[in-house]
Amino acid sequence: MSAALDVFDAARELHLAPGAALVAVLGYSDRRNGGLHPICAARLSAATRAAEGADAVVFSGWSRRRGAASSEAELMVAAWDGPACPLVSDPHARVTAENAAHVGTLARSLSAAEVRVVTSSLHRFRAGLLFRAALRGSGARLSIHPAPGPRSLRFALRELVALPLVPFQLALVVWRGGNPAAPAPR
């Protein structure tokens, strides 16, 4: 495992040619244990395939458990066994809108031509809406790579509850980073 750059430092420290391809792997946790949740592990496995030919991989997700030693992003970085490329950790993103805003800001600053988002099949619709908003006007192509894996009633219900909140989440994307003129939050 190589060290990962923090998402807020990556724009300054990561030197990629314009037109780079980024892979964003979205974390998942159910707040019950401190390890990599099976849904998150399935996303990580799918990311190894999506990362073929990518210029960098961004792992996004905070620690949902109080007092946890590692965030979802840090757990995924530690477990990464995919292609060798620069790794970026975003332990700051607490919700999908923040995942999208932070990755969108990074993609803009790197002049990325492609962003591949890896998430669960149940989550891909909402994630796609938020990432499209974050990348609007950037010229970057977006593709969503659904990870096969465990499904849970709790996760499905969580997505149903989150759908009516999408307009508010879209506003958060623009406010927190989807707007290229906005500074990255710290």
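The values are calculated or read from the model by the stated rules, or taken from the named source; none is laboratory data. A quick note: this is a predicted structure, and the numbers were derived from the prediction, not measured. Glycine also receives a Cβ, built like all others from the backbone with ideal geometry; neighbour counts cover every protein chain displayed. For the accessible areas, the whole protein counts, side chains as well, though only heavy atoms, and no ligand, DNA or RNA atoms are used. Shrake-Rupley method; radii C 1.70, N 1.55, O 1.52, S 1.80 Å.
Sequence-ordered 3J(HN,Hα) estimates for the range 137-150 from the Karplus curve with 6.51, -1.76 and 1.60 and θ = phi - 60° stand at x, 7, x, 6, 7, 10, 9, 10, 10, x, 8, x, x, x Hz, glycine and proline given as x.
Roughly to the nearest percent, how much of the accessible area of the chain is carbon and sulfur, given a 1.4 Å probe? Here it works out to 57 percent. The amide H of residue 25, built 1.01 Å from its N in the peptide plane, has 58, 59, 60, 118 as neighbours under 5 Å, considering only residues 5 or more places off or on other chains. Evaluating 6.51 cos²θ - 1.76 cosθ + 1.60 at θ = phi - 60° for every residue in the range 21-27, the Karplus couplings come out as 10, 10, 10, 10, 10, 8, x Hz, glycine and proline recorded as x. For residue 144, the amide hydrogen comes within under 5 Å of the amide hydrogens of 117, counting only partners 5 or more places away or on other chains and with H modelled in the peptide plane.
Can you send over the solvent-accessible area of residue 49, 1.4 Å probe, protein chains only, in Å² to the nearest 10? Answer for residue 49: close to 140 Å² accessible.
What length, rounded to one decimal in nm, is gained on full extension from residue 174 through to residue 45, with 0.36 nm per residue of separation minus their alpha-carbon distance? Gain in length upon complete extension: 43.4 nm.
Going by accessible surface with a 1.4 Å probe and the largest first, 62, 80 read 62, 80. Given R0 = 22 Å, the distance between the Cβ atoms of residue 84 and residue 9 translates into a calculated FRET efficiency of 0.65. 3J(HN,Hα) couplings calculated from phi for the range 162-173 with the Karplus curve 6.51 cos²θ - 1.76 cosθ + 1.60 (θ = phi - 60°) are, in sequence order, 6, 4, x, 8, 3, x, 5, 5, 4, 4, 5, 4 Hz; Gly and Pro show x.
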